[in-house]
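What follows is a single structure, written as structure tokens, with notes after it.
The values are calculated or read from the model by the stated rules, or taken from the named source; none is laboratory data. It should be emphasised that the depicted structure is a prediction, and the values quoted were computed from it without experimental measurement. Neighbour counts are summed over all protein chains in view; Cβ atoms, including those assigned to glycine, are modelled from backbone coordinates with ideal geometry. Keep in mind that these areas ignore ligands, DNA and RNA; they rest on the heavy atoms of the full protein, side chains included. Shrake-Rupley method; radii C 1.70, N 1.55, O 1.52, S 1.80 Å.
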Amino acid sequence: MSRISLKALTKTYDNGYQATRGVDFEIDDGEFIVFVGPSGCGKSTLLRLIAGLEDITSGDLYFDDERVNDLAPAQRRVGMVFQSYALYPHMTVAENIGFGLKLAKVPAAERAERVQKAAKILQLESLLDTKPKAMSGGQRQRVAIGRAIVRNPRVFLFDEPLSNLDAALRVDMRLQIAKLHRELGATMIYVTHDQVEAMTLADRIVVLEAGKVRQIGKPMDLYDKPANTFVAGFIGSPKMNFLSVKASGTSDQGQAVTSPALNNWSLTAAGSFAPQTDGDALILGVRPEHLTLSKTEAGTAFAATVSAIERLGNDNYAYVDIAGSDDLLTVRCADLSSVDVGDPVWISADAARCHLFDAEGETIALPETQG
Amino acid sequence: MAHSASLSESRKRAYRTFGLYAVLVATASIFALPLLFMVMSSLKSDTAIFADLQSLRAFLPVGDISFENYRAVFENTNIEQFFVNSVIITVVTVALGIIVNSMAAFALSRLDWKGKDLVLTSVIVLISVPVEAIVVPLLMLVSRLPWLGLDAGQIVIETSWLDSQHVQIIPFVAHAFSIYLFYQFFIDIPKDFDEAAYVDGATPFQVYRHIIMPMSGPVIATVAILQFLAMWNQYLWPIIAVQGEAARPVMPGIQQFFGRNVEWGQIMAYATLVTLPILAIFIAFQRHFVRSAAGSGVKG
């Protein structure tokens, strides 16, 4: 197991494209870190830089106190699980799992013992003589994990390992990976674009955008205290709603804001915020579950029209049209039985759960508020 | 009503099948009849061959049938030696060709190095250069190349490659079209396999040896078949580079035999003997033959 330090890690390709830009953070020994971000944000490149499958253009990478920039993947002692599983089709499960040990010239008896042990952990004992093509997606994924764990790596790397599985199997494998992390206590780095995987598996999440780290934190910290509109919009499904507002006074309760587009609807967001000049453009962020939809006018509500309704059984969502915005607001509702598309409704926001960002999209919440 | 409709439909289908088979049989006959004529004639005397020429008897084992022509071929020619030479030349060239050409394709398709694109382009350009175009410079080259040979148990330095088996092997091991076929196959293999192997501790050679080659059965078969055909049927180069009988393969042998013998039955017997290995290979690897011809975009 290893502590991993990334110091100003940059990857620039021959064509000048910068996949990662000065990435700087530390991963603790035994920690489960998840890299998330949209396609092309550099999360897989970052994983490949750590694996040694890509050359680092500048910056340093340390495993514990050892600089590993120039070490080959095997010398770094990483175990990697690929999105495609990358199981060797001409080898049996046992041969796939034991291939790395064979290359390392581990004696056959010890090799067989370690393969058996890995197979037992992953419940693959009955499949050791099977070829990958005769196996299901979930079984293949477990073999890929077996290939990684058999070599006792210092760090496990997962590159979107569940994206080829169906929804039910994905949940099952997610639980198995979480269990594996608990049992092995290993440092694990996991790349995904699925925020459910990120939120459920991670000790900490690294959110990346255009090769840069936008925020690192515990899953619920990212959800409750996003540092910018990118993280606020990326973490959470459906995504956070954003409204253009103007600062309109500070009080002990928090920052007051007004929306000229919504007939000067105003709200005082609770919390400690950096001082703003009245009239400054701000962005108000509210999650769907912190908005309330009503058919009757409430005191601090603004008018909207229902544009679409989604009833998912456990959750119901109303998508509403508001004045001055092309985007629909998403509202989570316990009961939408009396609401129809086209109905005029009133929307109010929970002032205690609102987020404020400046015009550049950075939070104006003071650090102590972020905890 | 429905019953009669389905009856006429099944009759139509039967006619269609019959028509299709008739066309296939006719087409197959065009190719098979010359071979049949060759084999049947090899069992007859010249008098019988010419007597049967005007009738279907030419394709049938009728009349005075014997293996006399085969006995004469073995008596009058050094065909055993030619056969051994052809087998050695073909097998060694195909085996070395698979190794050398696949390694070149591996380097071109899966490793990063400067000048790779230029080399790949050169290989593709070389495909279009016929052997006839390089025969003269190649001959000048090999006639001046030294070789370590054995003479009465002593190692001697020979001053030329001419009149040897290796002059028929080495220039044909590296084969641009084979490299291209391997390259095309390799670039379709996901790089995740290589990367998984590198993470497992493999070197590039181990990736080639343990991962890529075992997954490349179809293209190995294709290259082996195409190179086997090309080498077994080599004619121009051995005629130029080999004068004596010691290193002569079967195909130039038939020309020499034809030149001094007008016994058609014996010529047909010789032709049958040199065609048999190709037929045997074809029957054994029929599936791969069709696939290789389709996959390579060339005639099989």
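Structure above, values below:
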read-out: Chain A, accessible surface, carbon-and-sulfur percent (1.4 angstrom probe); value: 46
read-out: Chain B - percent of accessible surface contributed by carbon and sulfur, probe 1.4 Å; value: 69
read-out: More than 19 Å apart - percent of Cα-Cα pairs taken over region A:178-248; value: 39
read-out: Amide H partners (placed H, <5 Å) of A:T20, local residues excluded; value: A:K11
read-out: Rg/Rg_globular for region B:2-66, with Rg_globular taken as 2.2 N^0.38 Å and Rg from C-alpha atoms; value: 1.82
read-out: Cα gyration tensor shape for region B:155-202, rounded if a/c is under 1.5, else prolate or oblate; value: oblate
read-out: Accessible surface of B:E9 - all protein chains present, 1.4 Å probe, nearest 10 Å²; value: 80
read-out: Rounded accessible area per residue of the protein assembly as shown, 1.4 Å, Å²; value: 50
read-out: Per-residue SASA entry for A:T330, accessible area with 1.4 Å probe, Å² rounded to 10; value: 10
read-out: Protein-only accessible surface order, largest first, of B:F106, B:F37, B:F67 at 1.4 Å; value: B:F67, B:F37, B:F106
read-out: By accessible area with a 1.4 Å probe, ligands and nucleic acids excluded, highest first: order of A:K105, A:K225, A:K239, A:K43; value: A:K105, A:K239, A:K225, A:K43
read-out: Computed P(r) (all Cα pairs; the protein assembly as shown; 20 Å bins; percent); value: 14, 30, 27, 19, 9, 2, 0
read-out: Computed over chain A, the ratio Rg/Rh where both radii use C-alpha atoms and Rh is Kirkwood; value: 1.06
read-out: In Å², nearest 10: area of A:C41 left accessible to a 1.4 Å probe; value: 0
read-out: Label-point separation in nm, B:A284 to A:S251, each point 7 Å along Cα→Cβ; value: 9.4
read-out: Most mobile listed residue (B:A58, B:A202, B:A241) in chain B, GNM with C-alpha springs under 10 Å; value: B:A202
read-out: Chain B: most fluctuating residue of B:E158, B:E80, B:E263 per GNM, C-alpha cutoff 10 Å; value: B:E158
read-out: Qualifying aspartates and glutamates (Cα of each under 15 Å from Cα of B:K191; at least 8 residues distant if same chain); value: A:E54, A:D159, B:D112, B:D200
read-out: Distant-in-sequence amide H partners of A:F158 (H built 1.01 Å from N, under 5 Å); value: A:V81, A:I189, A:Y190, A:V191
read-out: Within-14-Å neighbourhood charge of A:D203 [Cβ basis; K, R +1; D, E -1]; value: -2
read-out: Global form of chain B, assessed from the alpha-carbon gyration tensor, a/c cut-off 1.5; value: oblate
read-out: Spin-label model distance (nm) - A:S237 vs A:D29, 7 Å beyond Cα toward Cβ; value: 3.6
read-out: At least 40 Å² accessible surface lost relative to isolated chain, residues of region B:181-202 (1.4 Å probe); value: B:D192, B:F193, B:E195, B:A196, B:V199, B:D200
read-out: Cα-projected label distance for B:M103 with B:N78, points at 7 Å along beta-carbon direction, nm; value: 3.3
read-out: Protein heavy-atom accessible area occluded, B/A pair - total, 1.4 Å probe, Å²; value: 1500
read-out: Reciprocal of mean inverse Cα separation for region A:165-318 (Kirkwood radius, Å); value: 18.5
read-out: Sum of -39500 (n - 2.57) over DSSP H runs of 4+, divided by residues of chain B (222 nm, nearest 500); value: -22500 deg cm²/dmol
read-out: Quotient of Cα Rg and 2.2 N^0.38 Å for region A:270-345, N being how many residues it contains; value: 1.27
read-out: Computed lengthening from B:L24 to B:S10, 0.36 nm per intervening residue step minus Cα-Cα distance; value: 3.0 nm
read-out: Average partner coverage of A:82-90, which counts Cβ from other chains inside 10 Å; value: 5
read-out: Largest to smallest principal axis extent of the C-alpha atoms in region B:186-296, angstrom; value: 67, 30, 17
read-out: Radius 9 Å from Cβ of A:P153, net charge of other residues (Lys, Arg +1; Asp, Glu -1); value: +4
read-out: Efficiency of FRET from Cβ geometry, B:K114 and A:D278, R₀ 60 Å, rounded to 0.05; value: 0.45
read-out: DSSP-loop chymotrypsin sites (Phe, Trp or Tyr not before Pro) across region A:175-256, with at most 16 other Cβ within 10 angstrom; value: none
read-out: Region B:36-155 shape via C-alpha gyration tensor axes, a/c threshold 1.5; value: prolate
read-out: Largest-first ordering by accessible area, 1.4 Å probe, given options B:S216, A:S39; value: A:S39, B:S216
